[in-house]
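Novice: Got a structure for you, written out below as structure tokens; questions coming shortly.
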Amino acid sequence: MTIQDELLETFPATIRIAGVKVRDRGDVKKVGAADATLRVGDRVMLEADGEPTYGVVYSEPQAMPFFPPMRVMKTISRKATLEDLGTIERHERLAQEGMAVCRKRIAAQGLEMKLVEVYCSFERREMTFIYTAPDRVDFRQLVKELARRFGGRIEMLHIGEREEAKRLGGVDSCGLVLCCAAFMTDFKPVSVKKAKTQGLPMDENRLIGVCGRLKCCLMFELQESHTAISAGPSASPLINPTRASSSVSVHLPGDGR
């Protein structure tokens, strides 16, 4: 879609938003509720990671003003049916068992990897094991043991530290929910050079997020920082010391001048 098409596209004035945890993990996400009648604790079907999955409602739908960025927001496809609930219960049981078994196998084989999440596919007989690792891991034996235990296809998905924080959620030092878990849809690189252009001291731990990387929010004010620097005061001195006499006028608030 071109920029012109986006400008011509019409959007609703309001949209119904519900709070949902995808697969009942991480932080509560705001998703479109369409016309569904939902209560806290209901299971719903939606799309995540490119395929259908389920979520748990944590806040009931309410009407909110629509903003164009909301068009990339996930939308609930339907409230879970009785058949869906049976599948969800089975998947939750398999995911818990898969997490426990996989962690034991990782420890037994001495693999340098951290298991983050396990979930089952609604479209095929497949289990996905999401993990982080500092280096490449030879998990061929691990996959064989998992396939022998659970059957079907075993998918090993390697993610980075930022993606891990996005999936698990949390609260940062500012007291707010992590930006990546709350509203960000993609990750933009945050470099030391870009942080230095804002005049920030690079030796402070408060610039590091819970993921161990520079905080994503450092990018939010980058453009405003550039604008403020370019529009700043002139470098020429306010007082010319070469003149025979100079004066400085100081005006205090409320002195009537």
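Novice: Could you tell me whether residue 90 is of a type in the set (Lys, Arg) and in contact with a Cys (Cβ under 9 Å, 6 or more places away or on another chain)?
Specialist: Details: of a type in the set (Lys, Arg): yes; in contact with a Cys (Cβ under 9 Å, 6 or more places away or on another chain): yes.
In short, yes.
Novice: Now for a different question. Within the bounds of the stretch 64-77, is there any residue that is closer than 27 Å to residue 140 by Cβ and either touching a Cys at 6+ places or on another chain (Cβ under 6 Å) or free of Cβ contacts under 8 Å to residues at least 60 places away in the same chain (or both)?
Specialist: No, the stretch 64-77 has no match at all.
Novice: Also, I was wondering about something else. Is it the case that the stretch 172-185 has a residue that's assigned to a strand (DSSP E or B), out of contact with any helix residue (DSSP H, G or I) (no Cβ under 9 Å at 6 or more places or on another chain) and within 26 Å of residue 216 (Cα to Cα)?
Specialist: Our first condition is that a residue be assigned to a strand (DSSP E or B); within the stretch 172-185, this holds for 177.
Still in the running and out of contact with any helix residue (DSSP H, G or I) (no Cβ under 9 Å at 6 or more places or on another chain): 177.
Next cut, within 26 Å of residue 216 (Cα to Cα) only: 177.
Among the residues of the stretch 172-185, at least one is assigned to a strand (DSSP E or B), out of contact with any helix residue (DSSP H, G or I) (no Cβ under 9 Å at 6 or more places or on another chain) and within 26 Å of residue 216 (Cα to Cα), which makes the answer yes.
Novice: Sticking with this one: Taking the stretch 17-33, which residues are within 17 Å of the chain's Cα centre (by Cα) and among the β-branched types (Val, Ile, Thr)?
Specialist: Residues satisfying the conditions are 20, 22, 28, 31.
Novice: Within the stretch 140-161, which residues are in a loop (DSSP other than H, G, I, E, B) and over 13 Å from residue 115 (Cα atoms)? Steps first, answer last, please.
Specialist: Within the stretch 140-161, the first condition is being in a loop (DSSP other than H, G, I, E, B), and the residues that meet it are 151-152, 159-160.
Within the stretch 140-161, 151, 152 meet the criteria.
Novice: Which one is farthest from residue 118 (Cα to Cα) among residues in the stretch 34-57 that are assigned to a loop (DSSP other than H, G, I, E, B) and under 20 Å from the mean Cα position of the chain (by Cα)?
Specialist: Of all residues in the stretch 34-57, those assigned to a loop (DSSP other than H, G, I, E, B) come to 34-42, 49-50.
When the remaining residues are screened for being under 20 Å from the mean Cα position of the chain (by Cα), the result is 49-50.
Values: 49: 13, 50: 16 Å.
This residue is 50.
Novice: Going by what's in this entry, would residue 46 be described as touching a Lys or Arg at 6+ places or on another chain (Cβ under 6 Å), under 22 Å from residue 130 (Cα atoms) and assigned by TED's automatic domain parsing to the domain that holds residue 135?
Specialist: Criteria not met by residue 46.
Novice: Separate question: Would you pick out the residues in the stretch 58-85 that are in a loop (DSSP other than H, G, I, E, B) and either among the hydroxyl-bearing types (Ser, Thr, Tyr) or surrounded by 13 or more Cβ atoms within 10 Å (Cβ to Cβ) (or both)?
Specialist: Answer for the stretch 58-85, where residues must be in a loop (DSSP other than H, G, I, E, B) and either among the hydroxyl-bearing types (Ser, Thr, Tyr) or surrounded by 13 or more Cβ atoms within 10 Å (Cβ to Cβ) (or both): 66, 73, 74, 76, 77, 80, 81.
Novice: Look through 118, 137 and report the one residue that is within 30 Å of residue 209 (Cβ to Cβ) and either within 16 Å of the chain's Cα centre (by Cα) or part of a loop (DSSP other than H, G, I, E, B) (or both).
Specialist: 137
Novice: Right, residue 111: outside any helix (DSSP H, G or I), outside the structural domain of residue 41 (by TED's automatic domain parsing) and aliphatic (A, V, I, L, M) or not?
Specialist: yes
Novice: Taking the conditions exactly as written (touching a residue at least 40 places away in the same chain (Cβ under 8 Å) and not acidic (Asp, Glu)), does residue 129 satisfy them or not?
Specialist: Criteria not met by residue 129.
Matching residues to (1) touching a Lys or Arg at 6+ places or on another chain (Cβ under 7 Å); (2) of a type in the set (Val, Ile, Thr):
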position	(1), (2)
123	no, no
128	no, yes
141	no, no
155	no, no
163	no, no
166	no, no
173	yes, no
183	no, no
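Novice: Related question: Restricted to the stretch 146-198, and to residues that are of a type in the set (Lys, Arg) and at pLDDT 75 or above, which residue is surrounded by the fewest Cβ atoms within 10 Å (Cβ to Cβ)?
Specialist: Among residues in the stretch 146-198 that are of a type in the set (Lys, Arg) and at pLDDT 75 or above, the one surrounded by the fewest Cβ atoms within 10 Å (Cβ to Cβ) is 148.
Novice: Here is a list of conditions, (1) without any contact (Cβ under 8 Å) to a residue 40 or more places away in the chain; (2) charged (D, E, K, R); (3) under 15 Å from residue 155 (Cα atoms), and residue 136 meets all of them except one; can you say which number that is?
Specialist: Residue 136 satisfies all of (1) without any contact (Cβ under 8 Å) to a residue 40 or more places away in the chain; (2) charged (D, E, K, R); (3) under 15 Å from residue 155 (Cα atoms) except (3).
Rundown of residues vs (1) polar (S, T, N, Q); (2) closer than 21 Å to residue 159 by Cβ; (3) modelled with pLDDT of 95 or more, yes/no style:
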site: 8; (1), (2), (3): no, no, no
site: 31; (1), (2), (3): no, no, no
site: 50; (1), (2), (3): no, yes, no
site: 59; (1), (2), (3): yes, no, no
site: 74; (1), (2), (3): no, yes, no
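The values are calculated or read from the model by the stated rules, or taken from the named source; none is laboratory data. On a predicted model such as this, the values are computed, not experimentally measured, just so you know. Please note: Cβ atoms are built from the backbone with ideal geometry, for glycine as well, and neighbour counts cover all protein chains shown.
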